[in-house]
Every structure is written in C-alpha cells, then in structure tokens.
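The values are calculated or read from the model by the stated rules, or taken from the named source; none is laboratory data. Please read all numbers here as calculations on a predicted model, not as lab measurements. Positions of Cβ are generated from backbone atoms using ideal geometry, with glycine treated the same way; all protein chains shown enter the neighbour counts.
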Amino acid sequence: MISDNPIADFRSECGALLKRAIEKVCPGETPERVIFERPPVWEYGQLASSICFELARKLGEKPINLAGRLVEAADKSVFPLVEDVVAAGGGYINFHINFANFSRLTLESVRQLDNDYGSVKVDKPLKIIVEHTSVNPLHPIHIGQARNPVLGDSLARMLKHRGHTVYCHYYVDDVGRQTAVVAYGYDKLGRPAPAEKPDHFIGKIYTITSCLVEIKRLKRELERTKTTSDDEQTARLNRELDEWVGIAFELRSKYPELFEKLLQGIEKDTDPEKSINQLNRAYENGEKDAKQLIREVSRLCLGGFMETLKRAGVFHDSWDWESDLVWSGMVSAILEELKQTPFTQRLGGVLEFDAEKAVNMLGIREKLGLKKDYAVPSLTLVRADGTTLYTTRDIAYTLWKFKKADKCVNVIGMEQSLAQLQLKIALYALGFHRQADNLVHFAYNLVTLPGYKMSSRRGRYISFDEVMDEAVKRAYEEVSKRSPQMPEEDKIRVAEIVGIGAVRYALVEVDPAKPVEFNWDRVINFEKNSGPYIQYTHARACSILRKAGKKPEKPAYELLKERLEREIVLALADLPQVCIEAAELLKPSLIAEYANNLADKFNTFYNAYPVIKAQPPELSDARLALVDAVRIVLRNALDLLGIVAPEKM
RNA sequence: GGGCCCGUGGCCAAGUAUGGAUCAAGGCGCCGGCCUCCGGAGCCGGAGAACGUGGGUUCAAAUCCCACCGGGCCCGCCA
C-alpha cells in the first residue's frame, strides 16, 4: 500500500479515533474538525490535540481529567498507524505512531512515487499566471532584483506541483522615458553591435547617457534661475549638479572610450531632453523609426537577460511587450471604459482616477484592508501631452492576463504596493470583481548594499551575473580541493550547479518581506543552512547507495528503532504537507527550511549508524531504503527551488 | 503628516496565518572534542536571549488587540 500523504493518513486515523472517543464520553459534543499539532518534544508523540481545553470548559471539568477519560474510551485496535494514545500535560492528548507500519508506508510510498512524491494535487486546478522578473531593459539584472526571478520561479514550480496550470510571464516595460533615454544614447553611438554581453553594454550606455543628459538639464536650469536670483533654488541645483558631475567623473574613468563617444554625440544636441521626450511620444504613437530603434535596443538587452535567467534555471513562457498593449488600442479602450465610471476627472489637463471615491462608493474598504480614515491617493492616468502612465497600462495588461488565467500572481517589489493597490481598485471600478479578487501582489523587500543604495541610474549595482560568476568560481575551488580526482569537465559542471544552488538558496531562504543586506558570504555560503549543504547531503546519500551496490532486498522496517531513524521517517512523511502549505501560502522558504532540516537529521544519522555494514542484513536493507528515500525527498525539494541535486560533488 | 512592512542571543535568523505542554529552532562567530570504519561542504559538546517598550484580552501571548519607540519603503504628469 502506498500513500501520497502518509502524515495525513495518520492524522485522519487520529481524528477518527478521537471523534469516536468523544461520542462515547460526551455525546453531542463531537467537533466538526479536529486540529492537530506537532508536540514540542519527541517523547510526547508525533501528533497532539489540545481539544480538551475547549471542551472541558464547556463541560465544567478539568482538561486533564477529560483527556484521561477520552483516552480511556479510545479504541486504537482498528487504526494500524496508531501505536498509543496518552493524556498528558494540562490536558493534551498525544498520539504515538506505530512505526513498524508507518515506516513501511512512508518509505515504500516515497520510493515508488519517486519524482511525484510530495505532490498532492488540488481538486480544482486553476490557470495561474505568475508574472515575475520584468526588469526594465535598461541595464543588467542586479542582485537587488535577482530576488524576483528566484522567488517567482520557485512559486511557479510549487504551484505547478500542486496541479495548477502555470504560465510565467515577463512584462517588458519598453514604454516610458527611460527606454527612450537608452535608445537615444544608442542611436548617438551609431547603433553598434555590442562587443560584450549585450545587457551590460546597454547598461553602460544607459548610465552614461542619463548622467550627461541630467547634467545638461541642470545647467540649463541654473541659467534660468540666474535671472530669477532664487538663492535657495540655485544652491539646490548646484548640489545636484555636483553629484552628477562626480558620477560623470567616475564613469569617464571606468569607460573612457564609450563616455567620449556619447559625450560627443550628445554635445551636438542643444536640447537632449526634448529629443528624448519626442522619441518617447513617437514610440507610443507607433511611429516606424522610433519603433525600429527602441525595439532593437530592448531586444538586445533582453537577449542578455535570457542568458542570465537560463543560467539561473529560470524560465518564462511568454514575453509581453507593454508597447503592444498601447499600439493595439487596448490601453485607450480601457481608458474609455474608465471615463464612463464616476471615478475619473480632468484636472488641469490630465486625467485622474479617484481611487478613494471608488473605494467608498463600491464599499470595498474593508475587503482591501484599508483603515477607515486613510485616503487612497488618486492616480494620474494620462499626462497633459496625452501619453499614458505605467499603472494605466498595467490595468490593460492585467485584464489581458485575466483573459488567459483565473488567477494572477505579480511578483513585484514592495515599493510598488500603492500602485498595485490602485490597480486593483481600478479593476473593481471597471466591474471586474472576480479578476480583482484573484489578483495577488507578491511583494518582496529590497536587497541593499552596505553603505549605499543600489541605483541603476547612477551605475551603482552588483549584477546577478557577477554574483553567479563569483559563486561558481568559489565552488570550483572548493570542488577541486575536495575532489581532486574528479575529471575536469565534471568539476566545471558541478561547480556551476553548486555555485548557482548557493545563490538561489540564499535568495529564497529569507522571508521576502524582510530587507536583506547584501554580502558575499551570505550569498555564497557552502556550509550548513545553504544550498550546497543540502546538495552535499544528497550526494552523500547517493554515494552510500552506490557503494552498497544493491537494492534493499528484504527490508525489515520494524527494525528501524532508533529515534533518529524514526525522526527521519517522520520528516520524509512531512514533505507533501509542507508542499501544500508552501504553495497555498506562497512561501518558498518553507521548502528551503524543510530540506535543510532533513539534511541535518540525515547527517547526524549518517555519523551515528552504519548502513551498509549494519546487522542483520534486514536492518541494512531497511536503512538503505531510508537513505534512498532521503535522496529522493531532498532532490524533489531542491527541484521546487530550482536547485539541481548532483550525485557527486 | 498619512499608509504599508520589519524589530527574536555579538551577527544572521525560524516560529506570528490556526495563541498552548519543554531548555524559544537553526546558522555564523567563539571555546573544547571526533573514527587507519559508508564523502570532514560533516559530526558531538559548551558558553551566549528583558522575543523593541508599556498596557490589555486569555486558564495560556514571541504569536491576538491598543499605544509608543526604532528602521525601511511609499504618498510623482517616474517605473
């Protein structure tokens, strides 16, 4: 007999047993649902119920007495997974597992289900779009943003594993001033083919161009303030100018050739600011030249992203261009619909969406969890020059996504919380309640650099590529040191797996709500509580199985009597439950924590007991089955995090 | 000023959704140990905590409620 969720089987036996006992002892008090928890120490069993605390109050009895009577009345003979039921503490009922049966059930289930173990499908699968990464095509993906693809990809894997149909979408934000800036610079250079990884090349152009344009703008403004003689204003502008001149100096020494070329190109333009705005408008209008130029730059950059993401094991099913939404008329159609609602108004030439009014009139304040007297800021939908804003376009994009999916998870930085809220309110305002209800903003906090904030506009960032390079380099040194006999090409392959594993684990292990201060030792950790530690444990298990040179022939599961062995069996049985929780709560960190705990237990076991040489052979076989199950579970858990489990390292 | 998020040993951090039984996990760092035996990226032991502060709810609070303090983010005709 096998089970896709052994611990749930045990729990339902406990539930049935408890219900029957309650019926006998206090008829009419049978609860609909009994909640079980894991007792704090091993001696208290594997599952416990605190139901007597509530029940006893109703009956005017001491909880522990009631627990005693229930245990007395319990008949465990018909429940093969229940070894013992005990009243304990102030009124707990503790359930002990029958390990002879439970170990067999668990180990055989894991080994037979193999890749599928851990996956419990939902009854009603949904079509879910996970939008993630969506880094603007202006510069390489930096480590602050890298949290996004890693989280998004793991979420997608977890949801698929739950039986949903998942599509990963990348929203290419090619509409907006910033893209025009980089395209403008690229054009001034004569649209060269990059001699390096394209996103890095584009990143340099972006930084230098915005810097030069900014300086030029500030100088012009200073000229203007001279006539007005506003001292405070002049001082402020001078400070800003000083900062940018400093950045320019930095950039010039880092990239002298590129800097000079761009400087020459931009010098000739009397008003770069104006040219950029023109380009932006032309692109939004779908004019041929602008389209050609901006698409070319964006595609170059995305090519670099694809390389980076592929290396990290992150995949997308669809690349959605924001500009397509504008050109196809979808955005203006939505705007027309919004204008029909009572929530938009013209204010000094711009179109505003009154989110506060919408919240009040639609009565959705409580549903959105907003405080009574919090006034939701209004949202500008259309600029005075007729161009749209990011969130406006996002409304159209979201509705487009909902044509294909029942639910949308947006992996987007916490700093966009307000915009995401306004977006959701706009959906309600348009009458798309089902869509709004199923729109999830999965927010994550920033990764900061010690000392300063990452700023792509100022060229201050550590790229995801650099981090992976460094991690793989260090992993290679480590592999060479520990497995000098390994063939060179294996070393290279393994170093790649281990280095990337370290980075992915580090980014997914911490609660995404918390800000993370970047440091190399955190991201490239090969010791306990790291991706490589779990990978190592997996390789160790593989090694034992290799050395054993045989399958477990006649395992006697009842011989697994050591507490550690039983703790491992229990941990193995937990995987399906952990996967369910992690997917429902959108918490990849639960998987990471789980795998790390299992690895800890396994290493302790490994150190304490022989497997191959254990006597009698039936025990050795049972332990081999245990090792095999650990191998499978670690591999499956790592897979949900997008981390490869090597057999040797 | 308003909103959201975070606050747990020297440092990093789990646990907070669904309040419970013990020494409040674990890691880094520090101190002391480990097999000529299945991989030492490991294992064992030790020291180290007012769970930001103050109230409240409860038989029971790191967990729920209120106030306050500290940090981050947001409140743009940027994205």
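What's the number of the only condition in (1) free of Cβ contacts under 8 Å to residues at least 60 places away in the same chain; (2) within 15 Å of RNA strand B (Cβ to nearest atom); (3) surrounded by 20 or more Cβ atoms within 10 Å (Cβ to Cβ) that A:Glu470 fails to meet?
Of the numbered conditions (1) free of Cβ contacts under 8 Å to residues at least 60 places away in the same chain; (2) within 15 Å of RNA strand B (Cβ to nearest atom); (3) surrounded by 20 or more Cβ atoms within 10 Å (Cβ to Cβ), the odd one out for A:Glu470 is (3).
Does A:Lys528 satisfy being in a loop (DSSP other than H, G, I, E, B) and surrounded by fewer than 19 Cβ atoms within 10 Å (Cβ to Cβ)?
The answer is yes for A:Lys528.
Pairs, please: C-beta under 6 Å, at least 6 apart or cross-chain, first residue closer than 28 Å to A:Ala333 by Cα and in segment A:363-385, second of a type in the set (Gly, Ala, Ser) and more than 8 Å from RNA strand B (Cβ to nearest atom)?
A:Val376/A:Ala355; A:Ser378/A:Ala355; A:Leu379/A:Ala355
Please go through segment A:602-649 and pick out each residue that is closer than 24 Å to A:Asn115 by Cβ, in contact with a Ser or Thr (Cβ under 7 Å, 6 or more places away or on another chain), more than 7 Å from RNA strand B (Cβ to nearest atom) and assigned to a loop (DSSP other than H, G, I, E, B).
Across segment A:602-649, the qualifying residues are A:Leu641, A:Gly642.
So which of A:Leu598, A:Leu585, A:Leu572 is of a type in the set (A, V, I, L, M) and either within 9 Å of RNA strand B (Cβ to nearest atom) or surrounded by fewer than 19 Cβ atoms within 10 Å (Cβ to Cβ) (or both)?
The conditions single out A:Leu585.
Conditions tested, residue by residue: (1) part of a helix (DSSP H, G or I); (2) in contact with a Leu (Cβ under 7 Å, 6 or more places away or on another chain); (3) over 20 Å from A:Phe249 (Cβ atoms).
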position: A:Gln178; (1), (2), (3): yes, yes, yes
position: A:Tyr186; (1), (2), (3): yes, no, yes
position: A:Ala193; (1), (2), (3): no, no, yes
position: A:His200; (1), (2), (3): yes, no, yes
position: A:Thr207; (1), (2), (3): yes, yes, no
position: A:Glu214; (1), (2), (3): yes, no, no
position: A:Arg217; (1), (2), (3): yes, no, no
position: A:Glu223; (1), (2), (3): yes, no, yes
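Under 9 Å between Cβ atoms, at least 6 apart or on separate chains: pull out the pairs that start in segment A:121-135 with a residue that is on the phi > 0 side of the Ramachandran plot and end on any residue that is of a type in the set (Asp, Glu) and assigned to a loop (DSSP other than H, G, I, E, B).
Within 9 Å, the pairs are A:Ser134/A:Asp173.
Please determine whether any residue of segment A:266-283 is assigned to a loop (DSSP other than H, G, I, E, B) and of a type in the set (Ser, Thr, Tyr).
The answer is yes; a qualifying residue exists.
Can you name every one of the helices (runs of 4 or more DSSP H) wholly within segment A:320-405 that holds 1 or more residues which are within 11 Å of RNA strand B (Cβ to nearest atom)?
It comes to A:322-327, A:355-362, A:390-402.
Please state which one of A:Glu517, A:Glu496, A:Glu565, A:Glu509 is touching a strand residue (DSSP E or B) at 6+ places or on another chain (Cβ under 9 Å), of a type in the set (Asp, Glu) and within 12 Å of RNA strand B (Cβ to nearest atom).
A:Glu517
(1) in contact with a helix residue (DSSP H, G or I) (Cβ under 6 Å, 6 or more places away or on another chain); (2) outside any loop (DSSP other than H, G, I, E, B): which one isn't true of A:Ser298, the others all being true?
(1)
Regarding A:Ala539, is this residue within 24 Å of the chain's Cα centre (by Cα), assigned to a helix (DSSP H, G or I) and surrounded by 16 or more Cβ atoms within 10 Å (Cβ to Cβ)?
no
How about segment A:506-521: which of its residues are farther than 18 Å from A:Asp465 by Cβ and either assigned to a helix (DSSP H, G or I) or among the hydrophobic types (A, V, I, L, M, F, W, C) (or both)?
Correct list: A:Val508, A:Glu509, A:Val510, A:Ala513, A:Val516, A:Asp521.
Restricting to segment A:10-35, count the residues that are in contact (Cβ under 8 Å) with a residue 40 or more places away in the chain and either within 9 Å of RNA strand B (Cβ to nearest atom) or in contact with a Phe, Trp or Tyr (Cβ under 9 Å, 6 or more places away or on another chain) (or both).
Result for segment A:10-35: 6.
Considering only residues that are at pLDDT below 95 and touching an Asp or Glu at 6+ places or on another chain (Cβ under 7 Å), which ones fall in segment A:147-172?
Result: no residue meets the conditions.
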